[in-house]
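**Student:** I'd like to ask you about the structure that follows.
Read-outs throughout are calculated quantities, based only on the coordinates presented, and are distinct from any laboratory measurement. Note that the structure is a prediction, hence the values are computed from the model and not measured.
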Amino acid sequence: MFFLLFLPNGLFLFVCLQTILSFFDNYFLIIIKKHYLCRRKEGSIPMTTAYLNKENIARSTGEVEYHPLRPFLPENARVLFLGSFPPQRKRWCMNFYYPNFLNDHWRIEGQVFFNDRNYFVDTENKRFRIEPIVDFCQTKGIAFYDTATAVRRLKDNASDKFLEVEETTNIAALLHQLPHCRAIVTTGKKATDTICAALSIPVKPKTGCHTIIPHTYNNDGKQLILYRLPSSSRAYPLAFEKKAAAYRQMFDMLLTTSSDCG
């Protein structure tokens, strides 16, 4: 560095300034990286948007609300959950299915598969852990969508009773993308009624029971069934442990290779 003493004053100042700026650039880069990693660890980085249907969100500007999520359809799926319609986005804690932190769907799956109701829960930040959820569903073969693609909300809440269906889902088209699907699973009356009407199912299954879907088979030659579970909403009057037991019975029946429910 002694050579700097022999530089003209102007050049000397320029080199010093460049050195100082380079130092601060590197310093602030390190600070930013540390801040990002800390936020990522804490779960405060904005949620992934990979499953959002941005086109539908953009056109949901009037009274009609279009489905804000893309169908989640792993090719190996054996179970297809079909709900009614997602809650308003102001109630979401993640950009995926069953996004309301007060809904116990992901707590039930955590309890069933890991004996830990908080397995998929980020308790500190009061949200669900979307990446483990997606990885788990892809591995296990669990698909998700809803029975309506467009609705009107008659009241400012998440109740199915106040959803007016404008467009129903093409369920046959969904099943066409799930060659190994064994069952459609519902957890509410509106979704069950919609599916029974769409697929000409003569008798609606009672909660905790299933019925065959007429003339509907997968690529393995298995006849599909409609399985009705208790709602994971806390408004549904059933203890968490009993809900988990009902879900466990369904998963044991449908996700084991040797099971035959047709």
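**Student:** Could you list, in their original order, any pairs among Lys54/Lys90; Lys155/Lys189; Lys140/Lys161; Lys126/Lys206; Lys90/Lys161; Lys204/Lys243 whose Cα atoms are separated by more than 23 Å?
**Tutor:** The pairs that break the limit, which is 23 Å between Cα atoms, are Lys140/Lys161; Lys126/Lys206.
**Student:** A follow-up question, please. Would you mind giving the average projected area, over all directions, of the Cα convex hull of region 54-254 in nm² with one decimal?
**Tutor:** Orientation-averaged projected area of the Cα hull: 10.9 nm².
**Student:** Give me Rg/Rg_expected for region 134-232, where Rg uses Cα atoms only and Rg_expected = 2.2 N^0.38 Å with N residues.
**Tutor:** After normalising by residue count via 2.2 N^0.38 Å, the value is 1.12.
**Student:** Here is a further query. Between Asp122 and residues 5 or more places away or on another chain, which pairs have amide H atoms under 5 Å apart, with H built 1.01 Å from N, and which residues are they?
**Tutor:** Correct list: Arg127, Phe128, Arg129.
**Student:** Now a separate question. Across region 76-87, in residue order, what do the Karplus-derived ³J(HN,Hα) couplings come to in whole Hz, using 6.51 cos²θ - 1.76 cosθ + 1.60 with θ = phi - 60° and x for Gly and Pro?
**Tutor:** Using θ = phi - 60°, the values come out as 8, 4, 10, 10, 10, 7, 10, x, 8, 5, x, x Hz.
**Student:** Amide H neighbours of Ser60 under 5 Å, at least 5 residues apart or on other chains, H built in the peptide plane: list them.
**Tutor:** For Ser60, whose amide H was placed from the backbone, the distant partners under 5 Å are Tyr66.
**Student:** Can you work out ³J(HN,Hα) from phi for every residue in region 60-71, in order, using Karplus 6.51 cos²θ - 1.76 cosθ + 1.60 and θ = phi - 60°, giving whole Hz and x for Gly and Pro?
**Tutor:** 8, 9, x, 6, 8, 10, 8, 4, x, 10, 7, x
**Student:** Can you list residues whose amide H is under 5 Å from Thr149's amide H, if they're 5+ apart or on another chain and H is modeled 1.01 Å from N?
**Tutor:** Glu167, Thr168, Thr169
**Student:** Turning to a different aspect of this structure: Cross-link candidates for Lys242: which aspartates and glutamates have Cα within less than 18 Å, leaving aside residues fewer than 8 places away along the same chain?
**Tutor:** Here the aspartates and glutamates satisfying the reach criterion relative to Lys242 are Asp104, Glu109, Asp116, Asp252.
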